[in-house]
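Encoded as structure tokens, the structure appears first; notes follow it.
The values are calculated or read from the model by the stated rules, or taken from the named source; none is laboratory data. Treat the numbers as computed from the prediction; the structure is a model and nothing was measured. Note that each Cβ is placed from the backbone with ideal geometry, even for glycine, and that neighbours are counted across all protein chains shown. Keep in mind that these areas ignore ligands, DNA and RNA; they rest on the heavy atoms of the full protein, side chains included. Shrake-Rupley method; radii C 1.70, N 1.55, O 1.52, S 1.80 Å.
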Amino acid sequence: LDDSDYPLGQSLSLSLRRILSKFKLEKSDRTADLLRRLSSACGVALPDPDRQSRELMSWDQVCELRRAGHSIGSHAWSHRPLATLTPEEQSREIRESKRELEALLGREILSFAYPVGGPMHYDSHSVDQVRRAGYRMAFSFNTGIAALPPVDWFQIPRESAKSLDVL
């Protein structure tokens, strides 16, 4: 794919990480083409659109989590890395996610987590739009332990479950 080899076999997990990294940095208007080329290179048909857009959680499950006492934050409308979008698309992703969750849950959504969240996956426009949309805090995926109070309420670092592996 694109003059690069992605060996399967024993290198499958490394190849999958390389391909996912490529998708996460590709401008969003080019990801559908990249997916078609990957499908063609592998000789595997793409799943139908319904399967591709299947929700990770249903709205009923989100409401059930909230009723159980969990805090619900926003993670953008379609989970695309914000830096791959135009400023207008970023604004829509950030605002629509908040609007939809607030309408569903009947309460204000205060926090946001940048999709993918690494330093190359969101930009200063993303941070500004999160502030303007009315969130009070936002989490990046820049690993680290946040000071209290955070130095920047709109770029709070966090640790991943993988970085906290316990034997």
Normalised contact order of the range 73-167, rounded percent, pairs of Cα under 8 Å and 6 or more residues apart:
26 percent
Would you please name the GluC sites (Glu not before Pro) within the range 68-167 that are DSSP coil residues with at most 16 other C-beta atoms within 10 Å of their C-beta?
GLU108, GLU159
With +1 assigned to the C-beta of every Lys and Arg and -1 to the C-beta of every Asp and Glu, and no other charges, what is the dipole magnitude of the range 1-99 about the Cα centre in debye, to the nearest 20?
300 debye
Below 8 Å between Cα atoms, with a sequence gap of 6+, how large is the relative contact order for the chain in percent?
16 percent
Express the accessible area of the chain per residue in Å², computed with a 1.4 Å probe while the remaining protein chains stay in the model.
67 Å²
So for the pair GLU108, ARG132, with labels modelled 7 Å out along Cα→Cβ, what separation do we get in nm?
2.0 nm
What stretch of the chain, leaving out the sites themselves, is the longest with no trypsin sites (Lys or Arg not before Pro) in a DSSP loop having at most 16 other Cβ atoms within 10 Å?
55-106
Among SER21, SER111, SER74, which one shows the highest mean-square fluctuation when the chain is modelled as a Gaussian network with alpha-carbon springs under 10 Å?
SER21
Quick check: pseudo-label points 7 Å beyond the Cα along Cα→Cβ at LEU14 and GLU100, how many nm apart are they?
3.8 nm
Take the alpha carbon atoms of the range 1-74, find their center, do the same for the range 91-136, and report the distance between the two centers in whole angstrom.
21 Å
Label points 7 Å out from Cα along the Cβ direction at ALA45 and CYS63: separation in nm?
3.6 nm
Computed magnitude of the charge dipole of the chain (debye, nearest 20; Cβ of K, R +1, Cβ of D, E -1):
220 debye
For the range 1-151, what % of the accessible area comes from carbon and sulfur atoms, probe 1.4 Å?
54 percent
